[in-house]
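What follows is a short report on a single structure.
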């Protein structure tokens with residue numbers, strides 16, 4: 001299993017609109033082949049209330065990059081969410097944990 005991670009910087013003042021759009025978009029990704037789980041967390045640091053951390057667990061990187069990103073559902077995901085970001089987020093993929101507490 002792999003972890004997709006992205007820091008999402010939402011345009012100031014549009015955070016609640018983003019969260020509503022994300023609620024609509026979530027089922028689009030949840031139904032994809034290889035999808036395991038999704039977490040969206042809001043930054044708690046002062047002055048960073050518009051920053052969110054998105055973490056999605058996939059079976060493989062290809063399930064995300066070749067499966068979801070080439071699907072009709074991704075086109076709708078993009079329509080719902082991508083106009084909220086400035087700058088556009090960098091998406092990274094991580095392997096299994098090397099250590100845990």
Practice item. Provide a single number: the residues in the range 1-49 that are assigned to a strand (DSSP E or B) and either out of contact with any helix residue (DSSP H, G or I) (no Cβ under 7 Å at 6 or more places or on another chain) or loosely packed, with under 11 Cβ neighbours inside 10 Å (or both). Key: 11
Check your understanding: For the range 1-19, which residues satisfy the criterion of being within 13 Å of residue 81 (Cβ to Cβ) and within 14 Å of the chain's Cα centre (by Cα)?
Key -> 6, 8, 9, 10, 18, 19
Exercise for review: Determine if the range 62-69 includes at least one residue that is at negative phi, in contact with a strand residue (DSSP E or B) (Cβ under 6 Å, 6 or more places away or on another chain) and surrounded by 13 or more Cβ atoms within 10 Å (Cβ to Cβ).
Suggested key: yes
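Every number here is computed from the coordinates shown, using simple stated rules; none is lab data. This structure is a prediction, so every number in the text was calculated from the model and none was measured. Cβ atoms come from the backbone with ideal geometry, glycine included; neighbour counts cover every protein chain shown.
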